[in-house]
Amino acid sequence: MLTGQATVPFVDLKRQHRAIGRALREAYDRVLDQDGYTLGGEVEAFESEFADSVGTEHAIGVASGTDALHLTLRACGIGSGDEVLLPANTFAATAEAIVMCGARPVFVDCERGSYLIDLDRAEDAVTPSTRAIVPVHLYGQCVDMRRVGEMAQRHGLRVIEDACQAHGASRSGLGAGSAGDAGCFSFYPSKNLGALGDGGMVTTSDPGIAGRVRSLRNHGEGAKRLHTESGYCSRLHGLQAAFLRAKLPMLAEWNEMRAEGASAYREYLSDSGCVLPEEIPDGRHVYHLFVVQVADRDGVRARLAERGIQTGIHYALPLHLEPAFEAYGPDKGALPVAEAACSRILSLPMFPYLVDEEVRMVADALKDAIDA
Ligand SMILES: *Cc1c(COP(=O)(O)O)cnc(C)c1O
């Protein structure tokens, strides 16, 4: 296998940082000239700008996407004995946040075309202990939040959106992170909006959730500096907030660049024999990932790597089959769509400033690898 420089990297963040280098350096200088390093003025300004961009009353900066989910679940009163619905095919953090609360993750199968949580199966999984659902806007495409809202109403559930892969996405006019009780975002560097380190955000128009997350993120500090409950150390850093403020105005353009890359893949791969990702009508897909399905995925992936083309797998196992979560069930075979997809899915290079020539190289190499 070829080592050294990738011909086409999976993600290259240096390109976007070069494009806004001056704004990032100005952000850094601003932080050196003031004294808000954990929370503070830059964080408050970014919270307000981010809330405006999502369309919620409040946004609360935290240390990571995982913490955004964990603290929001806690703020919604989720705890021991409670069941929380989530898709089986998501990043481990979605389930970790539920486990951190002492609640039980209930894994649900996904839809065949979109890979999003199957809401019919979610409804089947509701029991008298179900307290919340965490729809994940996977790969950059939103779950149908109107249907989630109706279901939540019927069963008295809290709705906590995992929007960690969906900054700027929408469906039927509802923006990611604005339609549930709260939305949770990650600013891990490779997300559609990424810091130069870790960070996260909770968006909500519910003042109760906002206040509780604000307190929990900073050691449970409440009014008059009283520690009203035992909380956590989960603050967004001023430096990361300043960098994120420099990047937020670029998000729409960067998402557009991802969408252009996605349509180029569609064109070049139309006769390739691989299964292309479904794009739901009436939605804005922000292509955090471009995921295809191929037979002999591992063989195809190795042949691409030989040509210097980096790919990813999101995710190699649905969470109910991962050692960390298998105790929660269900048994292998119970979630057939997610289980079948995981051995066939392949994430192709996708990031803003991926050029057309690179997309064509990936597509040509993929076709050769499929035919080999
Ligand atoms: C990245 C991600 C998270 C967690 O974000 P961190 O910032 O890494 O904690 C949670 N859920 C999903 C779906 C993600 O992609």
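Overview of values
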{"quantity": "Residues of the range 74-93 classified as in a strand (DSSP E or B) and more than 16 Å from the ligand (Cβ to nearest atom), total", "calculated": "1"}
{"quantity": "Strands (runs of 3 or more DSSP E) completely within the range 94-171 that count 2 or more residues being more than 16 Å from the ligand (Cβ to nearest atom) and modelled with pLDDT of 95 or more", "calculated": "104-108, 130-133"}
{"quantity": "Hits in the range 172-214 (condition: of a type in the set (A, V, I, L, M) and either in contact with a Phe, Trp or Tyr (Cβ under 7 Å, 6 or more places away or on another chain) or at pLDDT below 95 (or both))", "calculated": "Leu193, Ala195, Leu196, Met201"}
{"quantity": "Residue check, Ser234 within 16 Å of the ligand (Cβ to nearest atom), open to solvent by less than 20 Å² (accessible area, probe 1.4 Å) and hydroxyl-bearing (Ser, Thr, Tyr)", "calculated": "yes"}
{"quantity": "Lone unmet requirement of (1) away from the ligand (no atom under 13 Å from the Cβ); (2) open to solvent by 10 Å² or more (accessible area, probe 1.4 Å); (3) of a type outside the set (Val, Ile, Thr) for Pro189", "calculated": "(1)"}
{"quantity": "Selection count where residues are more than 10 Å from the ligand (Cβ to nearest atom), of a type outside the set (A, V, I, L, M), in a loop (DSSP other than H, G, I, E, B) and open to solvent by 30 Å² or more (accessible area, probe 1.4 Å), scope the range 192-214", "calculated": "2"}
{"quantity": "Among (1) over 30 Å from Val108 (Cα atoms); (2) open to solvent by less than 10 Å² (accessible area, probe 1.4 Å); (3) part of a helix (DSSP H, G or I), the one test that Ala338 misses", "calculated": "(1)"}
{"quantity": "Complete set of residues in the range 48-73 that are open to solvent by 10 Å² or more (accessible area, probe 1.4 Å) and more than 16 Å from the ligand (Cβ to nearest atom)", "calculated": "Ser48, Glu49, Asp52, Ser53, Val54, Gly55, Thr56, Glu57, His58"}
{"quantity": "Some residue of the range 323-333 being open to solvent by 50 Å² or more (accessible area, probe 1.4 Å) and in contact (Cβ under 8 Å) with a residue 40 or more places away in the chain", "calculated": "yes"}
{"quantity": "Qualifying residue in the range 217-226 (condition: over 30 Å from Cys342 (Cβ atoms), in contact (Cβ under 8 Å) with a residue 24 or more places away in the chain, outside any helix (DSSP H, G or I) and within 15 Å of the ligand (Cβ to nearest atom))", "calculated": "yes"}
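Each row is one residue, and each column tells you yes or no for (1) open to solvent by less than 30 Å² (accessible area, probe 1.4 Å); (2) part of a loop (DSSP other than H, G, I, E, B); (3) not aliphatic (A, V, I, L, M).
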| residue | (1), (2), (3) |
| --- | --- |
| Pro281 | no, yes, yes |
| His288 | yes, yes, yes |
| Val300 | yes, no, no |
| His314 | no, yes, yes |
| Ser347 | yes, no, yes |
| Leu366 | yes, no, no |
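The values are calculated or read from the model by the stated rules, or taken from the named source; none is laboratory data. Treat the numbers as computed from the prediction; the structure is a model and nothing was measured. Counting neighbours? That spans all protein chains shown, and the Cβs are built from the backbone with ideal geometry, glycine included. Heads up: the accessible areas ignore ligands, DNA and RNA and are worked out on the full protein's heavy atoms, side chains in. Shrake-Rupley method; radii C 1.70, N 1.55, O 1.52, S 1.80 Å.
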